[in-house]
1. Within the stretch 64-77, does at least one residue satisfy the condition of being closer than 20 Å to C161 by Cβ and within 16 Å of the ligand (Cβ to nearest atom)?
2. Residue under question is V36, and the condition is that it be within 13 Å of the ligand (Cβ to nearest atom), modelled with pLDDT of 95 or more, within 15 Å of the chain's Cα centre (by Cα) and of a type in the set (V, I, T); does it hold?
3. Only one residue in V58, V45 is free of Cβ contacts under 8 Å to residues at least 40 places away in the same chain and of a type in the set (A, V, I, L, M, F, W, C). Which one?
4. Yes or no: N56 away from the ligand (no atom under 16 Å from the Cβ) and not charged (D, E, K, R)?
5. Restricting to the stretch 153-196, what's the tally of residues that are open to solvent by 30 Å² or more (accessible area, probe 1.4 Å) and out of contact with any Asp or Glu (no Cβ under 8 Å at 6 or more places or on another chain)?
6. Can you report the number of residues in the stretch 179-235 which are of a type in the set (S, T, N, Q), within 16 Å of the ligand (Cβ to nearest atom) and within 19 Å of L30 (Cβ to Cβ)?
Amino acid sequence: MSIRENVAAVRERMAAAARRSGRDPDEITLVAATKVQTSETIREVIAAGVTICGENRVQEMTAHLEDNAYAGARLHMIGHLQTNKVKQVVGRVDMIESVDSLHLLEAVEKQAALIGLTQEILLEVNIAGEESKSGFAPDQVIPAAERCLEFPHIQLRGLMCIPPPVGPGESNRKLFAKTRQLFVDIKKDLSDNCNRLNYLSMGMSGDFEDAIEEGATLIRVGTALFGPRPPKTEP
Ligand SMILES: *Cc1c(COP(=O)(O)O)cnc(C)c1O
């Protein structure tokens, strides 16, 4: 199947999941998770109508930016970001979805202040409490959201989570529901009347339909658009 056909198939499944849960399909945006893809492939997925690309690695992102590969789309950072790479990311992406510590939050504020812009972010929640994963513990999300208000160069737009991969017959629905509840809680806590807090990023190739049924507004999909990736190599 071509990328164009894959995009169409994913959109069909997105729309069906939205209808099943009584949601408007237009509320949900597909983010193409473009790690390990070439600039050419990225152009292809944008030509097929994808409006947001999500990158994991700063080095790959920088190379694609030099190629102007994301032209016509928005760009999100979705991978773990080291504070020493913040300079290469703040102001170059429309949103950092993966703000996973107060330390990183402070570094983003500092860099955004330095270059004089406001950086949109999501807070990443370690919703399953996995030892190996970064992200805010569920009970740390409200304090972190309140902290964002003290930072004039940060605009908090919502939450993101990466639950563990699901095996056959398993589901992350409960974890998605838990993240959605936290999202509702921070909106209430921050009295978000102007609806700036409107992004809930959850769901990947294996579970995006469940995520949509539990309220996702951004889904991050790689494999279902591009096919399987080669085995992971650490840079
Ligand atoms: C790779 C990646 C995805 C997409 O994963 P697939 O299972 O290939 O759809 C989504 N989110 C993050 C943070 C990723 O790193």
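1. yes
2. Values: within 13 Å of the ligand (Cβ to nearest atom): yes; modelled with pLDDT of 95 or more: yes; within 15 Å of the chain's Cα centre (by Cα): no; of a type in the set (V, I, T): yes.
When the stated conditions are applied, V36 does not pass them.
3. Numbers: V45 fails: free of Cβ contacts under 8 Å to residues at least 40 places away in the same chain.
After applying the criteria, what remains is V58.
4. On the way: away from the ligand (no atom under 16 Å from the Cβ): no; not charged (D, E, K, R): yes.
Spelling it out, it is not the case that N56 is away from the ligand (no atom under 16 Å from the Cβ) and not charged (D, E, K, R).
5. Of the stretch 153-196, the ones open to solvent by 30 Å² or more (accessible area, probe 1.4 Å) are 153, 155, 162, 164-166, 168-171, 173-175, 177-178, 180-181, 184-185, 187-196.
This time we only want the ones that are out of contact with any Asp or Glu (no Cβ under 8 Å at 6 or more places or on another chain), so: 165, 168-170, 174-175, 178, 181, 184-185, 187-188, 191-196.
Here the count works out to 18.
6. 5
Residues checked against (1) closer than 18 Å to E213 by Cα; (2) within 16 Å of the ligand (Cβ to nearest atom); (3) modelled with pLDDT of 95 or more:
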| site | (1), (2), (3) |
| --- | --- |
| L102 | no, no, yes |
| E109 | no, no, yes |
| A112 | no, no, yes |
| A145 | no, no, yes |
| G167 | no, yes, no |
| S171 | yes, yes, no |
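The values are calculated or read from the model by the stated rules, or taken from the named source; none is laboratory data. These numbers were taken from a predicted model, which means no experiment stands behind them. A quick note on method: Cβ atoms are made from the backbone with ideal geometry, for glycine too, and the neighbour counts reach across all protein chains shown. Heavy atoms of the whole protein, side chains included, go into the accessibility calculation; ligands, DNA and RNA do not. Shrake-Rupley method; radii C 1.70, N 1.55, O 1.52, S 1.80 Å.
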